[in-house]
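Visitor: Here you go, one structure.
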């Protein structure tokens, strides 16, 4: 509620500005006034208008200090209410009628009594209208003294012979007014309980009242003539109060009042709200008859609904078509390039065959084979693999140049300069970095692939990979050795892996097998540093050095058991994105395309390359194809270490063989490959180089070459029966299904392996030792010193040094790649996006219709519903940004992709929704409710609100499960809005100052309140004080919303970063 000083300061300006007399008034002044000429001299208006600005300037600091919460600009606000320049006719009319107007005007002390009382009641809307009509007793109007001037609409002149101070603020020193009581003039209001006159503010209509004989009420006001006083007539207006206490003097809706004594009906084609001083022209297409208060803007809302719905339908129906058209063009270009490459190779082969028949053979078949092997073999021998570290400068551009030259010259024979060397200088060659068009890139890629196919068919080199080992970048070597690796679950004291020792070597494929519960996946996860929640003891060495595997994550590939791929992307898009982000930044676009095409070719994915992978809800490619895509994501980044968890599960024998052949090519390039396999077929089993056989409890039974497995177990008395697959028989023994035979039991097999290699036997297993099982001397691995136990923490906040020697694209480059991927995903997710916007349209229409903007509360109720609806809908929609691909992000982050680029790309793409969703909602809500504030001011508030709540939604989506995040997204807007709506005296009001609905509501209400001027000044102050809002807080509230959005995004990114550690 407003204090007494507030009421005083509001009307101090009015009191001083309307007074044209000196500050000291005497009875002689009063007598002189009565004998004055009927009309006021022009000096009256000049004094009044000139004193206005001086008075405002004088009292501005005090007014701003006391009621600054509802006055944006003191001069402007008070001028809007009391600047009667050009409208002073009612002063002159009153002086003509009364002849003593100056001494009938209220002094400051009298004004303070009135406005203190009514502004106090404005804060208590439970007061009845009858109660609000009465003022506290004064020296002129009390139980012992009640003159006709004390009645509503009447005033008295100051008693003669007294001298009083006009600016005196003490109510006890107000002048005596008990003589010459008369009805007040039109343009003024005279409260019941006071005997003085106050000018009505602009936007009010204060005509002289007329008696309604049937009711005894003075119309258009609601006061009655005093009983028993037959000579008493109706006067003028009786009060100016906030509209919730009385709206009699407010200019009627459908009319406009240029002055306080003039009311004109709103003409056709215009509209006039309550309290209007001017008429407003209606918008084009709206119907405005005479006396229209608010034009029907629903036609605009309906048109916008139809237009936006049409746009959304078009986007929904055309998005897939646009994408399909684009892929059709790409496929056409790709097929043309592949056809050209095949024809070129065929022409070259025919040319070579013709020359061979003609006896033209420059250096013989052996020379040709050596040349081709040198030109296209990726690696010559395993011994030629480079050591781990930065690779030599790439010469792929030379290869690309040669490929293009050969493609344009089929007569060059086999693609190398076998004849005259000077021919190479006759053509201008382009490097791979100069290849920009799609056709050039595809010609280069498919030309290379066709040559590799031709060489494989000719079987010229058993060690042939894809490309020239001299000119293409080689793989660094990664060798992993482990000694007495033991893992124990924290909190349960249960050992899941025990005393595992050995090595996995580059250029070899190791198969990890064993019965269920043997710890196969756990073993590989421990080697790649992806295991958490365990205590680990033992030692893991990388290339003979005690270094973290995380230092090599850029060249380490891990294929999880689950097919964690983006289902809304095509096969090619998944592979190409992985290649772009994880290959070296120095590799050209053409070479990245070449690598991707090689993997697609090697994995047999040509037929489904443009098909979406699919999800559980939306069927895509088959399970086996999805499994190969899962493997291909790691193959395209050219790893040095490749770990696969059950890559052949769910695959038929043909698909498994295809996958193993592709991995065999990788191994020939020096890649260290280890994979968990369940019961492979005979042919598949013999494609591996090494076998790591684990027993239950994580104990090693065998770790060595495939060709020595049967020899080792025969030495233990275990013979593999004929026509039985070796791994199947051994796993059956470890499962206890088959007895091993001989003098060894299944429990002794791990101990026999330890003794065979000279490893240390745990003390609790010594009883299983059999001296007959001891054999050879310890190997090199046995000489390593084991480390003490250490915990494998989930959260590791310290950055490990990068020892991979690979420089991947930076933050901004990856941001570009992530942004392109998210854009494609959103385009394919049009159905859900369209549903979101249609729901917003419906919400805007419903709330705009039901929650009409009220002049009493400045639209508070409608804005309250808006905050809840928009916050809730936008938060739920924003949950999908980070909830749907948590597993994919975890895999990508673990492989070295930049988390900041991922987050910024997602947030950037969501900014489109942040901008459009408020616009869609407001286009409907605004034209259905049509508040006084502008569309732009409402949109800015809604924009900041949506930006704020999407940041909160990001945090919920990242830190909680999707179902829990949905619940919180519904709960938070509702609960926080209820808190923001609590009375300012309640305990919850302290919390309310720090919640986003409070800032949004205040910004909305303030933006609307600024448009209420003139006669609305008291209503504005009363309403803002009731809500505890400040008219100057508009920018501050918007800043709070934006800052919360930024802060929540920072918090969300921290949660994202922590959860991946």
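Visitor: Could you tell me how far the Cα centroid of the range 1022-1059 sits from the Cα centroid of the range 605-647, in Å?
Guide: Each part reduced to its Cα centre gives a spacing of 44 Å.
Visitor: Give me the extension gain from residue 683 to residue 96: residue separation times 0.36 nm, minus the current Cα-Cα distance, reported in nm with one decimal.
Guide: Taking 0.36 nm per residue and subtracting the Cα distance, the gain is 199.4 nm.
Visitor: Sorted by mean Cβ packing within 10 Å, highest first, what order do the peptides 801-810, 670-679 take? Present the calculation step by step, with values, prior to reporting the outcome.
Guide: Details: 801-810: 17.2, 670-679: 22.2.
Top to bottom by mean Cβ count within 10 Å: 670-679, 801-810.
Visitor: So, in nm, how far is label residue 962 from label residue 610 when the simple model puts each one 7 Å beyond its Cα toward the Cβ?
Guide: In this crude spin-label approximation the distance works out to 3.0 nm.
Visitor: Which of the three applies to the range 811-1059, rounded, prolate or oblate, going by the alpha-carbon gyration tensor with a ≥ b ≥ c and a/c under 1.5 meaning rounded?
Guide: Since a/c reaches 1.5 and a/b is larger than b/c, the shape of the range 811-1059 is classed as prolate.
Visitor: May I pose another question? By the gyration tensor of its Cα atoms, with a ≥ b ≥ c the square roots of the eigenvalues, what is the shape of the range 940-1061: rounded for a/c under 1.5, prolate for a/b over b/c, or oblate? It would help to have the intermediate numbers written out before the result.
Guide: Numbers: a/c = 3.06, a/b = 2.14, b/c = 1.43.
It comes out prolate by the Cα gyration axes.
Visitor: Using 7 Å Cα-to-Cβ label points, what is the residue 310/residue 985 separation (nm, one decimal)?
Guide: 5.6
Visitor: Now, a different point. Please arrange 163, 1049, 891 by counting, for each residue, the other beta carbons lying within 10 Å of its beta carbon, fewest first. Before the final figure, lay out the partial values.
Guide: Details: 163 12, 1049 19, 891 22.
Ranking 163, 1049, 891 by Cβ neighbours within 10 Å, fewest first, gives 163, 1049, 891.
Visitor: Here is a follow-up. Taking 0.36 nm per intervening residue step and subtracting the Cα-Cα distance, what contour gain separates residue 322 from residue 760 on full extension? Before the final figure, lay out each step's value.
Guide: Numbers: separation 438, 0.36 × 438 = 157.68 nm, distance 6.55 nm.
So the extension gain works out to 151.1 nm.
Visitor: Now for a different question. How far, in nm, would the chain grow between residue 492 and residue 724 when pulled straight, counting 0.36 nm per residue and subtracting the alpha carbon separation?
Guide: Working: separation 232, 0.36 × 232 = 83.52 nm, distance 3.95 nm.
Between residue 492 and residue 724, full extension yields 79.6 nm more.
Visitor: Going 7 Å from the Cα of residue 585 toward and past its Cβ, which residues in the range 902-944 have a backbone nitrogen under 18 Å from where you end up?
Guide: Only 902-905 fall inside the zone, counting backbone N under 18 Å.
Visitor: Can you put 480, 737 in order of Cβ neighbours within 10 angstrom, beginning with the fewest?
Guide: Working: 480 22, 737 11.
Result, fewest neighbours first: 737, 480.
Visitor: Further, regarding this structure: When a footprinting reagent is the concern and you count Cβ atoms within 10 Å, what order do 910, 829 take, fewest first? If you can, show how the numbers build up before the last one.
Guide: On the way: 910 24, 829 15.
Lowest to highest Cβ neighbour count: 829, 910.
Visitor: Also: Show me the ranking of peptides 189-200, 582-593, 489-500 by mean Cβ neighbours inside 10 Å, starting with the highest. Each step should come with its number before you reach the end.
Guide: On the way: 189-200: 26.2, 582-593: 20.2, 489-500: 15.9.
The packing order, highest mean first, is 189-200, 582-593, 489-500.
Visitor: Can you compute the FRET efficiency between residue 657 and residue 342 using 1/(1 + (r/R0)^6), with r the Cβ-Cβ distance and R0 = 22 Å? Round to the nearest 0.05. Working shown, then result.
Guide: On the way: r = 25 Å, r/R0 = 1.13.
With a Förster radius of 22 Å, E is 0.35.
Visitor: Extending each Cα 7 Å along its Cβ direction at residue 281 and residue 215, get the distance between those two points in nm, one decimal.
Guide: With each label point 7 Å from Cα toward Cβ, the separation is 3.9 nm.
Visitor: Next question. Can you give me the C-alpha center-to-center distance between the range 499-540 and the range 926-973, rounded to a whole angstrom?
Guide: Here the answer is 47 Å between Cα centres.
Visitor: Apply 1/(1 + (r/R0)^6) to the Cβ-Cβ distance of residue 231 and residue 162, taking R0 = 35 Å, and write down the FRET efficiency to the nearest 0.05.
Guide: The computed FRET efficiency comes out at 0.85.
Visitor: Mind ranking 924-931, 136-143, 289-296, 518-525 by how tightly packed they are, going by the mean number of other C-beta atoms within 10 angstrom, highest first? Provide the component values of the computation, followed by the final result.
Guide: On the way: 924-931: 24.8, 136-143: 15.2, 289-296: 17.0, 518-525: 22.0.
Those peptides, ordered most packed to least, come out 924-931, 518-525, 289-296, 136-143.
Visitor: To the nearest 0.05, how large is the calculated FRET efficiency for residue 975 and residue 710 if R₀ is 51 Å and r is the Cβ-Cβ distance?
Guide: With a Förster radius of 51 Å, E is 0.15.
Any read-out appearing in this document is the output of simple, stated calculations on the displayed coordinates, not a laboratory observation. All figures in this text were calculated on a predicted structure; none of them were measured in a lab. In this analysis, Cβ positions are derived from the backbone assuming ideal geometry, glycine residues included, and neighbour counts consider all displayed protein chains.
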